[in-house]
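Let me give you the structure first, and then I'll get to my questions.
FYI, it's all coordinate maths here, none of it is from the lab. It should be emphasised that the depicted structure is a prediction, and the values quoted were computed from it without experimental measurement. Cβ sites come from the backbone with ideal geometry, for glycine too, and all protein chains shown count toward neighbours.
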Amino acid sequence: MAEPMTDTVDVADLALVAQGREDALRALHDRHATKVFRFVLRLVRNEAIAEEVTNEAFVEIWRSAARFRGGASVSTWLLSVARNKAVDRLRKRSEESLDEEAAAAVPDDADTPEAALAKRDKGALMRRSIDDLSPVHREIVDLVYYQEQSVAEAAQILGVPENTVKTRMFYARKQLARLFAEAGVDRGWP
């Protein structure tokens with residue numbers, strides 16, 4: 001969820017983008033590109049395609065900034081535009097093999113080697129388990145847990161009622177718990 005101060009800056013920059021200010025688009029890009037890229041990568045599961053879709057999303061923001069009405073935060077609107085671009089790309093290129101391993105682990109230097117190994121193993125299990133979810137459940141997990149979107153924001157991005165988001169989260173967590181139990185791992189983190 002965007003902080004109020006950041007959203008104020010985002011709204012101001014978006015208004016400048018609507019006036020054709022490239023520097024404002026660069027500022028929005030600098031603040032949000034990594035988040036948008038990671039979200040798209042989890043959807044398309046290919047770094048090159050995620051990079052292209054992220055760029056396409058920001059081009060769309062450039063073209064349609066004047067249509068932003070403030071019904072959601074700028075961050076939520078960016079993710080919604082990016083999601084639509086990713087879904088379009090997936091429809092067009094559904095035959096491509098998808099790979100999420102590239103979005104993998106960042107080692108934590110503060111951990112002991114044993115804790116780092118346990119986290120890496122559990123992180124790999126989590127990624128595999130998330131991969132085993134249906135696309136709609138995988139998308140919900142990414143939006144709520146990785147992109148830190150609220151239920152209301154996720155509902156807006158997906159174009160579904162909030163209760164649908166809650167239901168999908170319930171079933172996604174239930175499925176993840178089952179997959180972890182089958183792997184013999186408790187749900188806690190080392």
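Excluding ALA66 itself, calculate the net charge of residues whose Cβ lies under 13 Å from the Cβ of ALA66, where each Lys or Arg counts +1 and each Asp or Glu counts -1.
Details: positive: ARG21, ARG63, ARG67, ARG69; negative: GLU60.
Surrounding charge for ALA66 is +3.
Would you list the P(r) distribution for the range 1-80, with all Cα-Cα distances sorted into 5 Å bins from 0 and each bin expressed as a whole %?
For the range 1-80, the pair-distance distribution reads 3, 17, 29, 25, 16, 8, 2.
Now, a different point. For a quick check: sort PHE170, PHE180 by the number of other beta carbons within 10 angstrom, fewest at the front. Walk me through the intermediate numbers first.
On the way: PHE170 12, PHE180 17.
Fewest to most other Cβ atoms nearby, the residues stand as PHE170, PHE180.
Follow-up question, since we're still on this one. In whole Å, what is the distance between the alpha-carbon centres of the range 46-65 and the range 121-157?
The two parts, judged by their Cα centres, are 21 Å apart.
Right, next: Can you list the lysines whose alpha carbon sits under 30 Å from that of LYS122, skipping same-chain ones fewer than 8 residues off?
The reachable lysines, counting only those whose Cα sits under 30 Å from LYS122, are LYS35, LYS166, LYS174.
Further question on the same structure: Calculate, in nm to one decimal, what VAL11 and GLU60 gain on full extension: separation in residues at 0.36 nm each, minus their alpha carbon distance. Don't skip to the answer; put the middle values down first.
Values: separation 49, 0.36 × 49 = 17.64 nm, distance 1.61 nm.
Net length gain for the segment: 16.0 nm.
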